[in-house]
């Protein structure tokens, strides 16, 4: 089984040398390394090229640099298409993969033809590489699928894309993602579930770096206006996930014999999640009451459940009414450092 490392870098000159070294130090023999710098304005590409001079001979090296900045999703789509492996393991220019990451992920794929995505636990590190508290919540290996009636579109879980590896069939089945301002991992999680199952490894295989320049896994500890704007931007972005999910569900129904009854259930969950994200954003932003009430009403129309009523009455409404509750909520989110 051939594995492709999809190495994506942008403006990461402080970290990219250690990141690309970790990619070249993988102990898996059948390896392709596709390196994609998205026209970084700093020294990222020069540092990459210096390090790539020492690429081991058993690794097939493919340079896929962009001459103009395309953005995360355009760069990701273009370079996914250039990968020739049976499995594709994205690596970022600021994280460090442990030497056995590819081989452990490849072993899971080889042993389970239904598995479409594997993700592992991780160790959280800061700018300097020092270990911070934080990891995946699961302490044992776990499987996610739509086989058991799912209660959410993610089938009960969601792991960081930084720690994931994909079977190449996902891209070949669904094609490139719609280009917009969102990360790729949530869409690939849903795509994997539409085709099969996802496996989680409790073993940490990645040092996942949190710092101020990250899109989502950014360094916390701040309640500044900038930090709050970043969280609000993420909440708005989450409202757009459903469009890609719905297109992929429709594609799976047409081409993969995906059951229409389950597809309708997933579409319902997508509508509910979109309204929940909107209502939380309106609550935190102290949006006008007509907007807040309109969102709450739509949420109850989509799913008039006791759980949603409880969420509105004892979650979002108190946040909208009380500046103290908003401050406590902001404090928790900025302290975590993740949107």
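Residues considered: 160, 41, 57. Largest GNM mean-square fluctuation over the chain, using C-alpha springs under 10 Å, is found at 57.
Label point of residue 114 set 7 angstrom out along Cα-Cβ; within the range 82-105, amide nitrogens under 20 Å from it belong to 105. Listing 89, 231 from the residue with the fewest other Cβ atoms within 10 Å to the one with the most, what is the order? In order of increasing Cβ crowding within 10 Å: 231, 89. Taking the chain as a Gaussian network of alpha-carbon nodes connected by springs under 10 Å, the highest mean-square fluctuation of the residues 183, 90, 259 belongs to 259.
For the chain, modelled as a GNM whose springs connect Cα atoms under 10 angstrom apart, the maximal fluctuation among 185, 86, 130 occurs at 130. Over the range 3-209, what is the percentage of antiparallel beta bridges among all DSSP beta bridges, to the nearest 5? Antiparallel: roughly 30 percent of the beta bridges in the range 3-209.
We did not get these values from a lab; they are worked out from the coordinates using the rules stated. What you see is a predicted model; the values in this text were computed from it and never measured. For neighbour counting, all protein chains shown are included, and Cβ atoms are generated from backbone atoms with ideal geometry for every residue, glycine included.
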